[in-house]
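Worksheet: one structure, shown below.
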Amino acid sequence: METIILAVVIAVVVLGALGGLVVGSRRRRPLPPPPPSPPDITAPPAEPHVGEEAETPREETRRTIEEVDLPDASSPVVVEEPPVVEEIPAPAIEVPEPTAGRLVRLRARLSRSQNALGKGLLTLLSREHLDEDTWEEVEDTLLTADVGVQPTQELVERLRERVRVLGTRTPAELRTLLREELLTLVGADVDRTVRTEPDGRKPGIVMVVGVNGTGKTTTTGKLARVLVADGRTVVLGAADTFRAAAADQLQTWGERVGAHTVRGPEAGDPASVAFDAVKEGKEMGVDVVLIDTAGRLHTKTGLMDELGKVKRVVEKHAPLDEVLLVLDATTGQNGLVQARVFAEVVDISGIVLTKLDGTAKGGIVVAVQRELGVPVKLIGLGEGADDLAPFEPEAFVDALIGD
């Protein structure tokens, strides 16, 4: 009986605890929000502005059309003229120095660096006894001047024979003798005309080739001046698309003498530029088209093959009249190796010797002509714009041996 009463008491306690939990959870539940009150309606804010208009606009008095003062129709209306834009003047066209006798005028400059050869030979030949040692010194002097082995031997043999037979020993006689032999060696009767006037057609086409650093682009620009000085019209083809600013350099040379320059995109196809230059030259009716090609390393087969491609593409218009190889005279015999390779790729028709002033040795004229079988047609004697001159054997030999 006590057990039953105890069980009933425990059940009542448990039910009371559960009821308290239920009531507490109901008390903590949030009440629903009150209904929203109606919003206050106000005027919209002013539109945002910038600068002086950033503040809220205020009411201002407005005038009618009758109250506005209009300008009198009889008064002149002032219209402001647009500002005058100053045009950049075109570069002035220069008048190049005439080419006739240009080498003679530059003879003094050439003789300062070259006449050591002639003076050395005259000193040796003026000795009282011309023994074997003296003739060996003569040979050494000629070889040092880059005349070349075979031409040196020929010259020494002729000098020995004439001195022995004629017995010429005075300085004036020796100088005359030496001048005659050097003229024979250089080739006084060789045609050195730059062929720019083909029969029955225009324009004459000249391509300028050479290795890097020989002054090829500068020579092309100076040659344009030579042609303009002789009354010819010229178009320049900037087919050197590999060297940075080569086309700009050539165009500057052209603008100075009024010659048009045809150019293409940087690193473009040089054959395409050369083709377009000849095409435009024919359309414009000019006398000569000068094509400046990229400098080639004579040891790079791919570059040399590309030069041959330029030549073939140009000849689709017309045959080349001149292919001028630019050589640095200061390289001496080393330049002959370059010349041989170029002669195998394109038919060289003439040589341009640059940097013949300074420390250059005049005998290279003889050596390169013997090596290639083509004449030296132009020589460069300095950095001036008109320091490119047609090669004149007499003036050159006189500069070698001095007065």
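The values are calculated or read from the model by the stated rules, or taken from the named source; none is laboratory data. Just so it is clear, the model here is predicted, and its values are computed rather than measured. As a convention, Cβ positions derive from the backbone with ideal geometry for all residues, glycine included, and neighbour counts pool all protein chains shown. Surface accessibility is based on the protein's heavy atoms, side chains included, excluding ligands, DNA and RNA. Shrake-Rupley method; radii C 1.70, N 1.55, O 1.52, S 1.80 Å.
Here, the stretch 235-344 is characterised by an Rg to Rh ratio of 0.97, where Rg is the alpha-carbon radius of gyration and Rh the Kirkwood radius.
As a length-normalised measure over Cα pairs under 8 Å and 6 or more apart, the relative contact order of the stretch 225-268 settles at 43 percent. Amide H contacts of GLY204 (H built 1.01 Å from N, in plane; Pro and chain starts excluded): VAL288, VAL289 sit under 5 Å, all sequence-distant by 5 or more or on other chains. Available extension along the chain between ARG158 and GLU394 is 83.0 nm, counting 0.36 nm per residue and deducting the alpha carbon span.
Rounded to the nearest Hz, the phi-derived 3J(HN,Hα) couplings of the stretch 222-229 under the Karplus curve 6.51 cos²θ - 1.76 cosθ + 1.60 (θ = phi - 60°) are 5, 5, 4, 5, 4, 5, 5, 4, where x marks glycine and proline. Shown here: the stretch 130-240, whose C-alpha atoms stretch 58, 32, 22 Å along the first, second and third principal axes, sorted largest to smallest. Each residue of the stretch 286-292 is assigned a 3J(HN,Hα), and the resulting list reads 6, 7, 9, 10, 9, 10, 8 Hz, derived from the Karplus form 6.51 cos²θ - 1.76 cosθ + 1.60 (θ = phi - 60°), x at Gly and Pro. At a 1.4 Å probe, what is the % contribution of carbon and sulfur to the accessible area of the stretch 150-285? The value for the stretch 150-285 is 49 percent carbon and sulfur by accessible area. Projecting the Cα positions of PRO171, LEU159, VAL138 onto the charge dipole of the stretch 127-187 (unit charges on Cβ atoms of Lys, Arg, Asp and Glu, taken about the Cα centre) puts PRO171 furthest along the positive direction.
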